[in-house]
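**Student:** Mind having a look at this structure? Questions to follow.
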Amino acid sequence: MLLSTEAQLRECEYCGSHVTRNFRRVYGDVDGVVHRCRECDTLVRLQQGSAAGRDVPTPDPQNTPGRHGDEPARWSE
Ligand SMILES: [Zn+2]
């Protein structure tokens, strides 16, 4: 295993944002590749496996901006 390989995987494949080693280990796929990160996806989807490249049932915030996900609902009048 070459360490240089790992060094190239420190960015989200989708948006290029930096991701920590710990994030990759927890959310990335078996190769340590992070397909989505907290910059471009919601925590709900990441926990369902979006960062590992899986299809998840929760709507993608990139496809449905402002409709679902990270925007808190307005309960006040
Ligand atoms: Zn990202």
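The values are calculated or read from the model by the stated rules, or taken from the named source; none is laboratory data. These figures come from a predicted structure and were not determined experimentally. No Cβ is skipped: glycine too gets one built from the backbone with ideal geometry, and neighbour counts run over all protein chains shown.
**Student:** Exactly one condition in (1) at pLDDT 95 or above; (2) over 12 Å from CYS12 (Cα atoms); (3) in a loop (DSSP other than H, G, I, E, B) is false for GLY69; which is it?
**Tutor:** For GLY69, the failing item is (1).
**Student:** Also, I was wondering about something else. What's the total number of residues in region 15-28 that are more than 11 Å from ARG38 (Cβ to Cβ) and near the ligand (Cβ under 8 Å from one of its atoms)?
**Tutor:** Total meeting the criteria: 1.
**Student:** Need a quick list: helices (runs of 4 or more DSSP H) entirely within region 1-65 having at least 2 residues that are modelled with pLDDT of 95 or more and touching a helix residue (DSSP H, G or I) at 6+ places or on another chain (Cβ under 7 Å).
**Tutor:** By residue number, no helices (runs of 4 or more DSSP H) qualify.
**Student:** Hey, another quick one. Between a residue in region 13-39 that is in contact (Cβ under 8 Å) with a residue 12 or more places away in the chain and buried (at least 17 other Cβ atoms within 10 Å of the Cβ) and any residue that is of a type in the set (Phe, Trp, Tyr) and part of a loop (DSSP other than H, G, I, E, B), which pairs come within a Cβ distance under 9 Å, given they are 6 or more apart or on different chains?
**Tutor:** Here the result reads VAL34/TYR14; HIS35/TYR14; ARG36/TYR14; CYS37/TYR14, each pair linking region 13-39 to a residue that is of a type in the set (Phe, Trp, Tyr) and part of a loop (DSSP other than H, G, I, E, B).
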